[in-house]
Amino acid sequence: MSARREETIFQFLWQWAKTTPAAIALASPGHEPITYRQLLDQLDSTIESLREIGIGRNDRIAIVLPNGIEMAVLFLGVSCAAISVPLNPSYLENEFEFYLRDIGVKALVVQSGAQSPAVLVAQRHGIPVIELVSSSNAAAALFTLKASRSISSASQHTVEPDIRYEKIMSALGGHAEFVDRAEQLGPALRRAMASGKAACVNVQVDPYAPYPND
């Protein structure tokens, strides 16, 4: 099956669940594989939970979980409802301090009971913590999300000039640059294309400044 370019992640997975509901969607060592029908049901549940908590489309949600099927499914679920910012669970406290503060996350998702330094940083900065609670009945649901409190209404903006979006890409392991002068843009774009990675060039240039012909 080929996906149309305009399809969202959810629409794409919905089509697979509709046509091949029993096909294996995700598999992970030490865990029962899940089908496309199960995956779609879990995405529905995750999206609904995030909306009830108060997460909106433009909110950035940090995810600190070990690699595995729950991490993969949560990443997809958050991406369908907001902006996923997965962070390496092995980061030290000062690294979480840098990313959580500078990226401007709306909430942090961790495994229930996790002793991650990310939780300490989130609490210090008033960032709500959402716990992922693994289900004992994987056939019914992989996990549920639990927040200690609701989050205020999501912001309605689409771009914030004070948010360093390139740092989100850096956290994801991609190529990231910040450009604030017109003459930097051409070289930055060439480096981004040559990097062979997903890339973000955050451009904050005066639109009326003369642009060099390079």
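Points to keep in mind about this one:
- Single match in V109, V105 (criterion: in contact (Cβ under 8 Å) with a residue 12 or more places away in the chain, out of contact with any Cys (no Cβ under 8 Å at 6 or more places or on another chain) and assigned to a strand (DSSP E or B)): V109
- Residue-level check: of (1) under 16 Å from A171 (Cβ atoms); (2) of a type in the set (F, W, Y); (3) touching a residue at least 60 places away in the same chain (Cβ under 8 Å), Y91 misses just (3).
- Selection within the range 65-84 - closer than 18 Å to S28 by Cβ, part of a helix (DSSP H, G or I) and small (G, A, S): A72, G77
FYI, it's all coordinate maths here, none of it is from the lab. Because the structure is predicted, anything quoted here is derived from the model rather than measured. With ideal geometry, Cβ positions are generated from the backbone for all residues, glycine too; neighbour counts draw on all protein chains shown.
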